[in-house]
Amino acid sequence: MARLSVFDSPLLLGFDHFERVLDRVAKSSHDGYPPYNIEQVEENQLRITLAVAGFSMDDLAVSIEDNQLIIRGRSGEDDGGRIFLHRGIASRQFQRSFVLAEGIEVKGASLDNGLLHIDIERVMPEPRARTVKIEAGSGNRRSSDKQTKSIEMKSDV
């Protein structure tokens, strides 16, 4: 059965990238391991905390690929033939992804008492204004006049 998409409309050309991002987010949200928190530290700063008990710094990798923050964990611990009567502590590999919006920067990561903290910040660009020169086009009958005009453009970023 063919899958219907909101982005199949002929009026939405070039939005297939957004569809792929939404598919990745939907797939990664089904697995609840490892559990995580997202907290607001300051007005423009967030902290993602993952519970990664049993993983050392060498077992963890944090990377940014395109607009995604990806945390991978690979436990280097070998069971060594141990027999578990109950195994409630997970030590499996994992990959957790977070889609980053434009203007979000990862500032750093730290491992403390089995918790991996990743600090991110929304960088607010400074508003800037610039002048764009408008010249008469070559199709203008008064091309010899070379009229120019300046327009000031302001960005609302």
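Laid out as a table, the results:
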| item | result |
| --- | --- |
| L100 long-range amide H proximity, modeled H, under 5 Å | Q68, L69 |
| Virtual spin-label span in nm between L100 and I64, 7 Å along Cα→Cβ | 0.3 |
| Cα-based convex hull volume of the range 33-122 per residue, rounded to whole Å³ | 93 |
| Inter-probe distance in nm under a simple model that places probes 7 Å from Cα toward Cβ, at N44 and R130 | 2.1 |
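Quick note: the coordinates plus some simple rules give every number you see, no bench work behind them. This structure is a prediction, so every number in the text was calculated from the model and none was measured. Note: ideal-geometry Cβ built from the backbone for every residue, glycine included; neighbour counts use all protein chains shown.
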